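All remarks here apply to the structure that follows.
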Amino acid sequence: MNVMEIFKSMEYGPAPEAAAPGLTWMQEHAPFGLFINNQWVKPGSGQYMESINPATGRPLAQIASANSADVDAAVAAARAAFETWSKTPGHIRARYMYAIVRHIQKHSRLLAVLESLDNGKPIRETRDIDIPLVARHFYYHAGWAQLMASELPGYEPVGVVGQIIPWNFPLLMLAWKIAPALAMGNTVVLKPARYTSLTALKFAEILQEIGLPPGVVNIVTGEASQVGEALVRHPDVNKIAFTGSTDVGRSIRRATAGSGKKLSLELGGKSPFIVFDDADLDSVVEGVVDAIWFNQGQVCCAGSRLLVQENIAGRLIEKLRVRMEHLRIGDPLDKAVDIGAIVSPGQLKEIQRLVNQGVEEGAVMWQPSWACPTEGYFFPPTLFTNVSPATTIAQVEIFGPVLVSMTFRTPNEAVELANNTRYGLAASVWSENINLALDVAPKLKAGSVWINCTNLFDASSGFGGYRESGFGREGGKEGLYEYVRPKWESSTPATADDFHIVKDSTLPNSSRSSAHEKEVGEASHEEDVEPGSTNGFRPAFPSIDRTPKMFIGGKQVRSDSGYSRDVYDPGGHVVGQVGEGNRKDIRNAVEASHAASGWAAGTTHNRAQILFYIAENLAAREEEFARRIVQQTGRSYSDAVSEVEASISRLFSYAAWTDKFEGVVHRPPLRGAVLAMPEPIGVTAIACPEAYPLLGFISLVAPAIAMGNTVVVIPSQTSPLSATDFYQVLETSDLPGGVVNIVTGDRDTLSQVLADHDDVDAMWYFGPAEGCKRVELASSGNMKRTWVNYGHPRNWSDPVQGEGKEFLHESTQVKNIWIPYGE
Ligand code: NDP
């Protein structure tokens, strides 16, 4: 073909990358062993599995298929290494990580070739996106290793981390997992996906090269049923970090429930790509190419639902078809190819099945006129129009190059359509009107929102989901918290129950003035408190009966059950009754919580004012609340006063934090900014600890509402009267109805209903270990976020354990909004 002919057809010629370096490396190393303790070892099973080149269907190499004994050996190696690695100074860890990244760069081309051969993705993507991002992750986290001591005081590494990664970004997912783990002083056992282990094995070789201490990173290849499950269930693994399908994420949530393992899950998505009528349509078309045809659409955050404003839909679809006609599919090692191969025949079949279903359900399918290669596993870019929002292809993650398009008329309709999915991983918004785009972004239920761009990732900016897309973040400072825990936790043993008051000099009474002590003490006479009396003294004539109710939607209501439960003092005398809450009460409370969602949209200044006001009104009734604590717990009066004062102080703390727990502006290598905004999680259910009936309640409710959540609270089961008294304080403090809902009754019965409830977004539970397990198990239904204490008591009176940023992190999820700028 001469130059004239090329100009006439504008056809690309082939531009192949040599496969030879990758193939030679494989020949030199295959069959591949397991990487344990910096040694290559044979699998205990003696079994190997084949890695296949999806572009040809031909085998590449034999990879060890480990069994659970191999997993045991890897975990033991990681545990032994943890002893020293966790104590290795941050600067030394940073040096190792720096060495890792330098060697990744030295081998970057080989890694890119191996990745394309093994996964089928175009070399353009592995060379220019995957591997540079891998390097960036290790650089960025080398920095956090260096800064850990100064920037995360009070935190320590979690321990041995089990990491399970998928096949769609094999080396990049490895980097997202291993870099923060090592930076924070953890050791790792990593399981690559069975289709794509090669780059993880090359990475292991790099670790040998740089002399990483043995056991710090162990790579165990094999089947999910052998390696993955063994890792998840292993008693000596302290955390599981998983990326993959929502179904497997759900099964891991169940398997780890109650084990005390920390868990982060990055799961599926069905991300909206929203185009308003003032968007630059040519940029939009290129955006769609990146959104859904990048990596053959096998991207968890792929913009797979195109939502277009109705008046421009026809024009955009036409432009898209023209562009699709020019996409090039073929050999992934060809540098001029846009779309490579699908990872496996099984995945290809699943894509075809869902596409057939879309056609059967009445949507209109369009594909370019050209044909795919017949060898290997290829699927053409596919566009569906005439899609109804409830159909399978509009709801299910197809994980292939398939785009479904729908239309909307108004911004509100766009938001509604965008959020009409069980997922919440990412979203793109396209408009030349920045006011509109920035108005829509916070309303989208998604962990990342890209404005006039899509599929941008950087180590500095956390990535992760809302709702059934999982929880936890990878990247950014927010991602580090997945790999650390508060230092005080390791010194607290688990107990059978949490009715455990810790006498602590940090209670405010140690600093209270003696005049105040006298004044309050004189009025009450601690020794005068008698069990069975109503307010700490025996009345001369019958007191007026006081009926604590439940508090739902800002109203005092009786329990639907029509039953009451007695509340006893420590001597066994009845001191009051509270309603026996049931399923219906919980349903009403959750509904009221949702109805109060405007609380999150209000200003932080307003929320802070209300929290201060609640504190003021509690202070006005300090004596009464102290007596109530004495009555229920039999503790001394001065101790009870201290609890009330600590509660007031805590309310002040969260009033203070309300407008100060801010996000950050990330600075990725991009002309633009990324706004990392902590957002409330939504409806948060809280089962309070038994101890500290007032302080325990306030320590949990205050941070949750300060951050904009609405709550359904089960107060202390044995001492609920402090909470039922407290709604009177709330009623006089301008708190909108429905922000705090209080349902009394049996903690575990009510917790179960809340944990099962699909409209509850998060559940906190502070009670016995078995209860924690039940909550974690049930939470897998809608993948709600949980925070439980695994039976470890907390000293609520100690500000280190009872308040602070840990509570604020639990009350929020970070949304990263990407805003590129410049013409
Ligand atoms: P999976 O979720 O099954 O696999 C992801 C990883 O988890 C792999 O390493 C897998 O091992 C491992 N794994 C699977 N089952 C278990 C288990 N019970 N316990 C522990 N580990 C387990 O994804 P698939 O590869 O099967 O893909 C299926 C679908 O999942 C895709 O079509 C897509 O919709 C979605 N997906 C989403 C991803 C995302 O990034 N969100 C990534 C990949 C897939 P092994 O490879 O040995 O099976």
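The values are calculated or read from the model by the stated rules, or taken from the named source; none is laboratory data. Remember, it's a predicted structure, so these values are computed and weren't measured experimentally. A quick note on method: Cβ atoms are made from the backbone with ideal geometry, for glycine too, and the neighbour counts reach across all protein chains shown. The area values use the complete protein model at the heavy-atom level, side chains included, leaving out ligands, DNA and RNA. Shrake-Rupley method; radii C 1.70, N 1.55, O 1.52, S 1.80 Å.
Data table
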item: By average C-beta atoms within 10 angstrom, highest first, the peptides 103-114, 769-780, 381-392; result: 769-780, 103-114, 381-392
item: For Ser45, distant residues with modelled amide H under 5 Å away; result: Asn67
item: C-alpha long axis of helix 310-325 to longest principal axis of the chain, angle in °; result: 40
item: Summed residue charge, Cβ within 12 Å of Ser699's Cβ, Lys/Arg positive, Asp/Glu negative; result: -3
item: Residue among Ala15, Asn795, Ala589 farthest towards the positive dipole end of the chain, charges placed on Cβ; result: Ala15
item: Other-chain or far-sequence residues with amide H under 5 Å of Leu735's (modelled H); result: none
item: Rotationally averaged projected area of the chain (alpha carbon convex hull; nm²); result: 36.4
item: Around Ser593: net Lys/Arg minus Asp/Glu count, Cβ-Cβ under 10 Å; result: -3
item: Protection proxy ranking, peptides 66-78, 694-706, 615-627, average beta carbon neighbours within 10 Å, highest first; result: 694-706, 66-78, 615-627
item: 16 Å Cα-Cα reach of Lys773 towards lysines, excluding residues that sit fewer than 8 places from it in its own chain; result: Lys239, Lys261, Lys262, Lys784
item: Region 14-129 - Rg over Rh from alpha carbon coordinates, Kirkwood radius; result: 1.04
item: By average C-beta atoms within 10 angstrom, highest first, the peptides 723-734, 238-249, 182-193, 331-342; result: 182-193, 331-342, 238-249, 723-734
item: Anchor Lys8: lysines whose Cα lies under 30 Å away (excluding residues fewer than 8 positions away in-chain); result: Lys121, Lys319, Lys335
item: Kirkwood Rh (inverse of mean 1/r, distinct Cα pairs), region 135-279, angstrom; result: 16.4
item: Point-charge dipole on Cβ atoms (K/R +1, D/E -1) for the chain, about Cα centre, debye to 20; result: 1480
item: Sequence-distant lysines (8 or more away, or on other chains) whose Cα lies within less than 16 Å of Lys660; result: Lys805
item: Given charges at beta-carbon only (K, R positive; D, E negative), |dipole| of region 779-823 in Debye; result: 200
item: Environment charge at Asp236 (Cβ cut-off 11 Å; Lys +1, Arg +1, Asp -1, Glu -1); result: +2
item: Accessible carbon and sulfur surface of the chain relative to its total accessible area, %, 1.4 Å; result: 52
item: Interchain or long-range residues, amide H under 5 Å from Gly470's placed H; result: Leu267
item: Estimated inter-spin distance, Ala255 and Lys487, nm [label 7 Å along Cα→Cβ]; result: 3.5
